[in-house]
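**Q** Pasting a structure here, questions to come.
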Amino acid sequence: MRDEGYTARMGRSPFPPRGDAVMPPMALPLERAIAGSAALARLGERLRQSQARHASIVGVLPAALRAHVHAGPIDERQWVLLASSAAVAAKLRQCLPSIERALLDAGWPPLEIRVRVRRA
């Protein structure tokens, strides 16, 4: 008797079928995927809000820090600014009063601002 191998023992082949069946479905454009999912839509809105807040504070950051500070996660209570190093984070913490003032002047509701060092 001939041993059928893996198929006989496990019930199916470990390899994908041949022919048209292996073609993956067309990928959705990112905007359409986000629009079709409530969770992704909320995530996209938070990302846009964080980036817009960052754009509001760039002018008050010292020129030497601007390239080293990035918008981080945001939620209902806090917004995180990501610093490229501990030294940048320390200077950024000194700038928090002017950052908070710039955000209020731009019409953003007040949130706690946290500064974290961005891992490479």
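The values are calculated or read from the model by the stated rules, or taken from the named source; none is laboratory data. Not measured: the values here are computed from a predicted model. We place every Cβ from the backbone using ideal geometry, glycine too, and count neighbours over all the protein chains shown.
For (1) at pLDDT 95 or above; (2) basic (K, R); (3) surrounded by 15 or more Cβ atoms within 10 Å (Cβ to Cβ); (4) within 27 Å of L30 (Cα to Cα), each residue gets a yes or a no:
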| position | (1), (2), (3), (4) |
| --- | --- |
| R48 | no, yes, no, yes |
| L61 | yes, no, yes, no |
| L81 | yes, no, yes, yes |
| S85 | yes, no, no, no |
| A90 | yes, no, no, no |
| Q94 | yes, no, no, no |
| L103 | yes, no, yes, no |
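**Q** Continuing with this model, one more query. Suppose we keep only residues that are closer than 16 Å to P110 by Cα and touching a helix residue (DSSP H, G or I) at 6+ places or on another chain (Cβ under 8 Å) within the stretch 50-59. Which one would you say is surrounded by the fewest Cβ atoms within 10 Å (Cβ to Cβ)?
**A** That would be S56.
**Q** Next question, about the same structure. Please tell me if R66 is under 21 Å from the mean Cα position of the chain (by Cα), loosely packed, with under 13 Cβ neighbours inside 10 Å and closer than 23 Å to R118 by Cα.
**A** yes
**Q** Look through the stretch 18-38, keep the residues that are modelled with pLDDT under 65 and in a loop (DSSP other than H, G, I, E, B), and return whichever of them is surrounded by the most Cβ atoms within 10 Å (Cβ to Cβ).
**A** For the stretch 18-38, the residue satisfying everything is M23.
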